[in-house]
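Trainee: A single structure is presented below for examination.
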Amino acid sequence: MKKSELLEHLAEKFPNIDKMVLGEILNGTFEAMTEALAKGEKIEIRGLGSFRVKERDGRTARNPKTGEVVNVPPKKIVHFKMGKILKAKLFSKKVS
């Protein structure tokens, strides 16, 4: 689902709210999430899951084409852990 499709879904679900306002709310939500992750904070959305930033250590790797040894620098990645409700919906299990 793209952001525009999500906005359309919200507009159908909340027809009494202007689409421009819904767009601003959606953009504000994503902006707040991005800023929190940039600060290293964890985001928990009940029923959906949690997002957090993990750091990967640097390592040495090998270029498969040339066989040359290459140093890969450390980097940050966003990790998503699925919540119980989402997991139950995806895998058709009952939530207790």
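Trainee: Report, to the nearest 10°, how far helix 3-13 tilts away from the longest principal axis of the Cα atoms in the chain, using its own Cα long axis and a range of 0 to 90°.
Mentor: Helix 3-13 sits roughly 20 degrees off the main axis of the chain.
Trainee: Mind scanning LYS42/LYS87; LYS3/LYS54; LYS42/LYS81; LYS39/LYS75; LYS2/LYS54; LYS39/LYS81 and naming the pairs with a C-alpha gap bigger than 22 Å?
Mentor: LYS3/LYS54; LYS2/LYS54
Trainee: Related question: Determine, from the Cβ-Cβ distance of ILE25 and ARG46 and an R0 of 25 Å, the FRET efficiency 1/(1 + (r/R0)^6), rounded to the nearest 0.05.
Mentor: 0.85
Trainee: Rounded to whole Hz and in sequence order, give me ³J(HN,Hα) for region 59-65 from the Karplus expression 6.51 cos²θ - 1.76 cosθ + 1.60, θ = phi - 60°, writing x for Gly and Pro.
Mentor: 7, 9, 9, 10, 5, x, 6
Trainee: Given the DSSP H assignment, sum -39500 (n - 2.57) over each helix run of at least 4 residues in the chain and divide by its residue total; what's the result at 222 nm in deg cm²/dmol, nearest 500?
Mentor: Helix contribution divided over all residues of the chain: -13000 deg cm²/dmol.
Trainee: Work out the charge dipole of region 3-91 with +1 on the Cβ of Lys and Arg and -1 on the Cβ of Asp and Glu about the Cα centre, then indicate which of GLY23, GLY49, ASN63 is farthest towards its positive end.
Mentor: Checked the options; the winner is ASN63.
Trainee: Return the sequence-ordered ³J(HN,Hα) values of region 77-82 in whole Hz as given by the Karplus equation 6.51 cos²θ - 1.76 cosθ + 1.60 applied to θ = phi - 60°, using x for Gly and Pro.
Mentor: Those phi angles translate into 10, 9, 10, 10, 10, 5 Hz.
Trainee: For ARG52, ARG59, which order do you get if you count the other beta carbons within 10 Å of each Cβ and list the fewest first? Intermediate values should be presented prior to the final figure.
Mentor: Working: ARG52 16, ARG59 10.
The fewest-first ordering by Cβ neighbours comes to ARG59, ARG52.
Trainee: For the chain, what is the largest minus smallest coordinate of the Cα atoms on each principal axis, given in angstrom and ordered from greatest to least?
Mentor: Per principal axis, max minus min of the Cα coordinates gives 60, 37, 29 Å.
Trainee: If I model a spin label at LYS54 and MET82 as a point 7 Å from the Cα along the Cα→Cβ vector, what separation in nanometres do I get?
Mentor: The answer from the label model is 1.6 nm.
Values in this text are rule-based calculations from the coordinates and carry no lab data. Worth saying up front: this structure is predicted, and the values here are computed from it rather than measured. No Cβ is skipped: glycine too gets one built from the backbone with ideal geometry, and neighbour counts run over all protein chains shown.
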